[in-house]
Amino acid sequence: MTEDVKTKAELEKGAAADSGLLEGLSDLILTPVSLRKIFILLTRVHYSDSEHYGELKPQFEKFIWSKEETKRTLHIDFDYNFDPAKVDRRPALFVGTSDFTFTQKVIDNMHSQTEDRAGTQYVMMTAVDVIIRHIGKTPDEALALGDMTCQFFNGMRKMLQERMKFSQVNVGKLMTSRPFDRSSNQADQQFMVDLLINLQYNSAWLTFREGHRIKTAKFEQLAAYSLPLDDQNTAHQRLAQNETTR
């Protein structure tokens, strides 16, 4: 097998594994908590096998995330677990989000009603940035890791839209290397690069009222794009069948 064919096969293998992972998550409802978990999971999966690095394997094979701490050379955690004092845990990636912004799509967020008019479906657009911070021991190390993560999520963009029902996935900004804390005596030991991924997705809820009381409410993730009119009743029936009593 030639080197070009081998590299292509390795890339396809990695893409297939990532695609399978997304298929397993396709029924997950997007919430601030689940969204953050999705991105740390994808990031860890990507960095768990040097075969995923394709042609960049020689440069990046020393960076591996593993469940076993003794085998771990790259630390990947949630941003709230960041400890600036643990310089020994470098290089590292920290996954977090910006604030979540909810935008009204229609008057009163009202989407439609069920056939018997007992239930009303509401929908709104949610926008957020996923922020992945890369911290390395040198400016080049931090930037190289940031570029690798950027390439990975650019490649995954379409799959994320199709499988996770995002309306928009855009790798919006890769910031340049800078010291983590210029005033610290460790300023020359820690450098960071932030990657911002802009996301938008629809959130929907169906409310059933009995008189002036709310009887039940069901929250569900809508597809990225509006449902055709012919499919709306089917969606309402499915929501009603799975309603959660409050």
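The values are calculated or read from the model by the stated rules, or taken from the named source; none is laboratory data. In this text, all values refer to a predicted model and were calculated from it rather than measured experimentally. Ideal geometry is used to build each Cβ from the backbone, glycine not excepted, and the neighbour counts take in all protein chains shown.
The set of residues from the range 152-204 being part of a loop (DSSP other than H, G, I, E, B) and at pLDDT 90 or above comprises M175, T176, S177. Counting the residues of the range 31-48 that are free of Cβ contacts under 8 Å to residues at least 24 places away in the same chain, of a type in the set (S, T, N, Q) and part of a helix (DSSP H, G or I) gives 1. For the range 87-98, the criterion of a residue being surrounded by fewer than 17 Cβ atoms within 10 Å (Cβ to Cβ), modelled with pLDDT under 80 and not aliphatic (A, V, I, L, M) is satisfied by at least one position.
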